[in-house]
Amino acid sequence: MKKYLILSILSLLILTGLFFYQNAKINDGKLHLVVCDVGQGDAIYLKTPSGKDILVDGGPNDSVLNCLTNNMPFWDRTIDLIVLTHPDADHITGLVSVLERYNVLHFVTSKTTKTTAIYKKFLNALEKEGLELKYVFAKDRIDFGDGTVSNIIWPDSSLFNSKQIRESGVNEYSVIQLISYGNFQALLTGDAGSLVMDEIAKDAGDIDILKIPHHGSKTGMSDYFLTEIKPEAAVISVGAKNRYGHPTQFSLDLLSKHNVKTLRTDKNGEIEIVTTGPDYEVYSN
Amino acid sequence: MKGSLIIFYVFLITILILRLHTFYSNQKTYTKGQEISFETQILSFPKTYTFYQTVYVNLDKTTKVLIRTDLDRQLNYGDYVKVSGTLDTILLSSGGTIFTLNNPEIEANFRENNPFLSSVYFIRQKIIDNFNSSLDPVSSSLLLGIVFGIKENMPKDFLDKIQITGVMHVVAASGMNVTMVSGFLFYLLGSLLKRQFAIALSIFGVIFYTALAGFEPSIIRAAIMGILVFSAQVLGRQQYSLNTLLITGAFMLFLWPQFVTDTGFALSFTATAGILFIPLFFQKVKNSFTEVFITTTSAQIATLPILIGAFGSFSLLSILVNALVLWTIPVLMILGAVAAFFGFIFKPAAVLFLYLSLPFLYFFEQTVYLFSELGVVVTFDNVPWQFSAGYYLLLISIILFLNKKNEKVFNS
């Protein structure tokens, strides 16, 4: 018995050390934006300067859980907000496991729906967690109270009939957010196409980081869009050797034409952007 | 005495052969394209993919079938289902073929009616949920594997690494888990109660644990073997245990003839034999720290040809990895069991014990990650039976020789 007592005390000491280490590393008063390496899909984790946890999409599998494990301290099992950009499988699947394993406080999405089995499973998980579908539209604003703001710039509420919920072409109704903290601005685009991007380009304005729309597909963005938003760096969330040929050469050429430093999850793994407001740094594995 | 024992074994073997013969000559055969309908209980964890789920079920006592169906109906461990469909086959990457049913009709998704079992399944699920809600997926699944042999939720890449580094036995419900549960209960109760009561209660504890671990044939088998080892250890009568082991093995084959072709049964049986006889030669170096290592190495020595035959590979580093991580198993079993218990009455205490287990789990995981990268794995395409036969003859000879030597030392 004495042996186990000694081991438990040792464990407690290591845990205390781990607590201080993770606390100092993670709660550093900066905004962290992590593009998770989840394969062919999207999952983006944000930690605000005051320690709020936000997850934008969950990717096509459970890899998002590894991303959360790597970026959240071991005692933090609460996610303050999940934003689902649209209900396609490569954005929603991982969220089922997240809802099962984490305490999720708020959930918002676009006013779209799907009849797929995984979407039904997701709705069940949402209900079990006691969350309702809450829709967001352009001009909505989510203030995290520490200088971090999510400005919703798409979809426009005028696109929806009052009762009808979109079932087809859900990509174009993706929730698009402009995340800002101090001077730092990142545009998270979901899977919307270039027509939508051209439409919102003026609202987005000059930004620092762009999450490339629709995994770098041919229809994701235009020359005009990049000219308007002038991103300094871009991140493509994409699976290695995916069957869609993402990212397309067209997108890569366009980015190189505009001198946008581009990172890809299939080549760079998990990509993290850490910002103090005025400055930011980009890390990858 | 010796003569009557030989007659007894001849009699036992004859009965067993008769039993196996009648069992196998009355088996149904299945073919691709055949329409079938059967009732079964789901005794493996369904796996969910983006658009469908798969689950292995028993078509009959000797045949498994992989069901692939949509996600509309949630299939759960322990459910009783009636399945109708057309049999198909798929070729596995290992070369074998298995039967499959694509989108069969699945009726009456009813839960376990037996109140004891349904409450056990409820408890089991609650423990899984509790562990999952406090620990990361790898740590949670590792702890569930170590304490209860539940490894269905384990991320596949980690499971592969566990296999590569040769510590799979740690996360499988095995005789070792059962021996530890019984040993721990006996140790705890032994100081409070009379020896006989402590043994009886420990065995009851093992039965409950077996139920919690899922009552699968493999776990029942592990429990029977585990109780055997435990009793032999407590009673200190190793000389009787060979007969007990052989009779138990024969008895189990009589009840479940399908075990005769089951790798799991062969592993359980040889591992138990190894644990019973090989540690006798390590008495001098045996202490509370080396005990687990000796036990596991004994089991590995005894099962080596079967492991290689079944998995086609053997990690040369596995002995080193085992030596590094095995000391964490007893403490993780205790912390995990206490956390599982508190999960029902006082959640914060459960969380505390789960956190206390984290440093040990991290150490275990990092060791596995490190050595899986080094990966000195010896692969074998085919193990000739002559190798296995020669290996076991040599092993038995060594055991008999050393045993004789030991006896001489004791007698002189």
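The values are calculated or read from the model by the stated rules, or taken from the named source; none is laboratory data. Bear in mind that the values here come from a model prediction, so they are computed numbers and not experimental data. All Cβ positions, even for glycine, are placed from backbone atoms using ideal geometry, and neighbour counts span all protein chains on display.
Annotations for the structure displayed:
- Those residues of segment B:7-52 which are polar (S, T, N, Q), in a strand (DSSP E or B) and within 14 Å of chain A (Cβ to nearest Cβ), in sequence order: B:Thr48
- Qualifying residues in segment B:325-357 (those that are touching a residue at least 40 places away in the same chain (Cβ under 8 Å) and of a type in the set (Phe, Trp, Tyr)) - the one farthest from the other protein chains (Cβ to nearest Cβ): B:Phe344
- Residue check for A:Asp28: within 14 Å of chain B (Cβ to nearest Cβ), of a type in the set (Asp, Glu) and over 24 Å from B:Phe363 (Cα atoms): no
- Residues satisfying the stated conditions in segment B:20-75, i.e. closer than 26 Å to B:Phe259 by Cβ and of a type in the set (Phe, Trp, Tyr): B:Phe23, B:Tyr24, B:Tyr30, B:Phe38, B:Phe45, B:Tyr56
- Pairs, first closer than 15 Å to B:Gly249 by Cβ in segment B:3-21, second surrounded by 10 or more Cβ atoms within 10 Å (Cβ to Cβ), C-beta under 7 Å, six or more apart: B:Leu12/B:Ala250; B:Leu16/B:Ala250; B:Leu16/B:Leu253; B:Leu16/B:Phe254; B:Arg19/B:Phe254; B:Arg19/B:Pro257; B:Leu20/B:Pro257; B:Leu20/B:Val260
- The single condition among (1) at pLDDT 80 or above; (2) within 14 Å of chain A (Cβ to nearest Cβ) that B:Thr89 does not meet is (2).
- 3 or more residues within 23 Å of A:Asp279 (Cα to Cα): qualifying helices (runs of 4 or more DSSP H) within segment A:223-268: A:223-229
- Some residue of segment A:154-170 being free of Cβ contacts under 8 Å to residues at least 60 places away in the same chain, more than 17 Å from A:Thr93 (Cα to Cα) and surrounded by 21 or more Cβ atoms within 10 Å (Cβ to Cβ): yes
- Scan of segment B:244-277 for residues that are touching a Leu at 6+ places or on another chain (Cβ under 7 Å) and aromatic (Phe, Trp, Tyr), ordered by number: B:Phe254, B:Phe259
- Exactly one residue out of A:Ile200, A:Ile207 is of a type in the set (Val, Ile, Thr) and out of contact with any helix residue (DSSP H, G or I) (no Cβ under 6 Å at 6 or more places or on another chain): that is A:Ile200.
- Exactly one residue out of B:Ser119, B:Ser133 is away from every other protein chain (no Cβ under 13 Å), small (Gly, Ala, Ser) and without any contact (Cβ under 8 Å) to a residue 12 or more places away in the chain: that is B:Ser119.
- Residue in segment B:108-118 that is among the hydrophobic types (A, V, I, L, M, F, W, C), modelled with pLDDT of 75 or more, surrounded by 15 or more Cβ atoms within 10 Å (Cβ to Cβ) and not in a loop (DSSP other than H, G, I, E, B) present: no
- Helices (runs of 4 or more DSSP H) wholly inside segment A:44-147 containing at least 1 residues that are surrounded by fewer than 22 Cβ atoms within 10 Å (Cβ to Cβ), away from chain B (no Cβ under 11 Å) and free of Cβ contacts under 8 Å to residues at least 24 places away in the same chain: A:117-128
- Against the conditions (1) within 11 Å of chain B (Cβ to nearest Cβ); (2) farther than 24 Å from B:Lys47 by Cβ; (3) not in a helix (DSSP H, G or I), A:Gly17 satisfies every one except (3).
- Condition met for B:Thr328 (crowded, with 20+ Cβ neighbours inside 10 Å, at pLDDT below 85 and among the β-branched types (Val, Ile, Thr)): no
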